[in-house]
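Participant: First, the structure itself, so that you have it in front of you.
The values are calculated or read from the model by the stated rules, or taken from the named source; none is laboratory data. What you see is a predicted model, and the numbers here were worked out from it, not measured in a lab. Reconstructed Cβ throughout: ideal geometry from the backbone, glycine too, with neighbour counts over all protein chains shown.
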Amino acid sequence: MESVEGLELSPRKVEYLKYILERGCPVRTNDVAREFGVDPSTVTKALAELAGAGYVSHEPYHGVVLSGQGRAYAQFLIKRHRILALAFTQHGLSEDQACTEVSRFESLVSKDAIDRMCHAMGHPNRSGCGVITHDDGCLGHVTD
Ligand SMILES: [Zn+2]
Ligand SMILES: [Zn+2]
């Protein structure tokens, strides 16, 4: 995770990775297609690209699972959403509003920015969307 910028994936792939992490089991193309209301052929292509980049691997007959790298990255994606949502709720938005607004732009915010925000916010434990986790990025490497 050291060299992760946080801007590697498209908004759609961000949602797929978060979904796969939250499912916690091998996920099939049709599961993803149904969840997001997209064509299975689109999902197959996206999952092949995620596999090619090392985020997921295919388990024959079961679907795709996260790699170690993919799991760490998906945890960051979920944290990014929750840190941003929490910041919005601290500035007047309801939890539902914050969740919706953040979903529109979260894929454009870097990991460095999230690490600095988490540090400045005192490493909060949860947002309206769920538990917030911390890693070396937010705990150790922010110096100013
Ligand atoms: Zn949310
Ligand atoms: Zn933190």
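Participant: Restricting attention to the range 2-21, which residues are of a type outside the set (Ser, Thr, Tyr) and either in a helix (DSSP H, G or I) or on the phi > 0 side of the Ramachandran plot (or both)?
Facilitator: Across the range 2-21, the qualifying residues are Gly6, Pro11, Arg12, Lys13, Val14, Glu15, Leu17, Lys18, Ile20, Leu21.
Participant: Check Glu49, Glu59 and return the single one that is modelled with pLDDT under 95 and either under 24 Å from His123 (Cα atoms) or of a type in the set (D, E, K, R) (or both).
Facilitator: Answer to the selection: Glu59.
Participant: Just need a number here: residues in the range 128-144 that are in contact with an Asp or Glu (Cβ under 9 Å, 6 or more places away or on another chain) and either within 12 Å of ligand 2 (Cβ to nearest atom) or part of a helix (DSSP H, G or I) (or both).
Facilitator: 7
Participant: Do you know which residues across the range 109-144 are farther than 16 Å from Gln75 by Cα, at pLDDT 95 or above and surrounded by fewer than 13 Cβ atoms within 10 Å (Cβ to Cβ)?
Facilitator: Listed by number, the residues that qualify are Ala120, Gly122.
Participant: Could you list all residues from the range 92-144 that are away from ligand 1 (no atom under 16 Å from the Cβ), free of Cβ contacts under 8 Å to residues at least 40 places away in the same chain and basic (Lys, Arg)?
Facilitator: Arg116 - this is the single residue of the range 92-144 that is away from ligand 1 (no atom under 16 Å from the Cβ), free of Cβ contacts under 8 Å to residues at least 40 places away in the same chain and basic (Lys, Arg).
Participant: Is it the case that the range 72-80 has a residue that's more than 16 Å from ligand 2 (Cβ to nearest atom) and either assigned to a loop (DSSP other than H, G, I, E, B) or touching a residue at least 60 places away in the same chain (Cβ under 8 Å) (or both)?
Facilitator: Yes, the range 72-80 has at least one match.
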